[in-house]
Amino acid sequence: MPVRKVSNRGRNVVGRFPSIKMGRMIAFESLLERDFIYLLDYDVRVEWYEEQPLTIEYLHDGQTLHYTPDFQIVEVGRQVLVECKPERFVDTEDNQRKFAIARDWCASRDWEFRVVTDQHIRAGFRLQNIKRLTPYARLAVDVSLCSRIEACLRAAPTTTLRALAQSIDPADPQRIIACLLHLAYYHHLELLLDTAPLSEDMTVAWPSQACLELKP
């Protein structure tokens, strides 16, 4: 569990994010952290994560100081501590000292320390597309419909969301598109989220190792 509660310190935005992956509310203390949580929840490589996970104690100028990274994640079995920080604050003396302490702490445990900035988190179209996909994650999708989608994509492995939906149900393609976006959120379908805004003309493909088992 988190080692401390988030604080707005009078300036930053705090809140709670309903994580699908972790099955609980994740606290954040900036909009940048909230945006990073969207990425964590969607990223298939991230197996687990926690906010405000631990505190590192260190000495500086004769004083005992404490540093609490923003997140701990397990990424393909590897432990990673993550600090979310606006790019303009990364190179301050105080932050560079904290980051050096955290890197040494992680290196001694065969962990990784990583600083992610707004330049990384909000680059390109990925974040905004994941935000658009997320509301479909809790949609209930009938297993028989999944089988029809699978059959259509195996017959035509690369098509667009609109064309696929029209081929499955010409009378109600929007219902099918919603189901496709649900499956895409769970990586059962492949969408190129980095290159363009999500639209019905976006190419959808059947990943070579996909499985259409529905998530709970």
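The values are calculated or read from the model by the stated rules, or taken from the named source; none is laboratory data. Treat the numbers as computed from the prediction; the structure is a model and nothing was measured. Glycine also receives a Cβ, built like all others from the backbone with ideal geometry; neighbour counts cover every protein chain displayed.
Do any helices (runs of 4 or more DSSP H) lying entirely in segment 108-216 carry at least 3 residues that are of a type in the set (A, V, I, L, M, F, W, C), and which ones are they?
Filter on segment 108-216 gives 126-133, 143-155, 161-168, 173-185.
Of everything in segment 150-170 that's among the β-branched types (Val, Ile, Thr) and within 14 Å of PRO207 (Cα to Cα), which residue is modelled with the lowest pLDDT?
Among residues in segment 150-170 that are among the β-branched types (Val, Ile, Thr) and within 14 Å of PRO207 (Cα to Cα), the one modelled with the lowest pLDDT is THR158.
Only one of these conditions is not met by SER147: (1) surrounded by fewer than 16 Cβ atoms within 10 Å (Cβ to Cβ); (2) of a type in the set (Ser, Thr, Tyr); (3) modelled with pLDDT of 95 or more. Which number is it?
Just one mismatch for SER147, condition (3).
What tally of residues in segment 18-55 results from selecting those that are touching a His at 6+ places or on another chain (Cβ under 9 Å), more than 18 Å from LYS85 (Cβ to Cβ) and surrounded by fewer than 19 Cβ atoms within 10 Å (Cβ to Cβ)?
Qualifying residue count for the region: 1.
Every residue, every condition in (1) within 21 Å of ARG126 (Cα to Cα); (2) in contact with a Leu (Cβ under 6 Å, 6 or more places away or on another chain); (3) not hydrophobic (A, V, I, L, M, F, W, C), yes or no:
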{"site": "ASP41", "(1), (2), (3)": "yes, no, yes"}
{"site": "THR64", "(1), (2), (3)": "no, no, yes"}
{"site": "ILE73", "(1), (2), (3)": "yes, no, no"}
{"site": "LEU81", "(1), (2), (3)": "no, no, no"}
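Filter segment 56-82 for residues that are aliphatic (A, V, I, L, M), part of a strand (DSSP E or B) and without any contact (Cβ under 8 Å) to a residue 40 or more places away in the chain; which is surrounded by the most Cβ atoms within 10 Å (Cβ to Cβ)?
Selected residue: LEU81.
The rows are residues; the columns are (1) farther than 18 Å from ARG34 by Cα; (2) surrounded by fewer than 17 Cβ atoms within 10 Å (Cβ to Cβ).
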residue	(1), (2)
GLU93	yes, yes
PHE99	yes, no
GLY124	no, yes
THR159	yes, no
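Somewhere in segment 5-14, is a residue surrounded by fewer than 18 Cβ atoms within 10 Å (Cβ to Cβ), outside any loop (DSSP other than H, G, I, E, B) and in contact with a helix residue (DSSP H, G or I) (Cβ under 6 Å, 6 or more places away or on another chain)?
Scanning segment 5-14 turns up no residue that is surrounded by fewer than 18 Cβ atoms within 10 Å (Cβ to Cβ), outside any loop (DSSP other than H, G, I, E, B) and in contact with a helix residue (DSSP H, G or I) (Cβ under 6 Å, 6 or more places away or on another chain).
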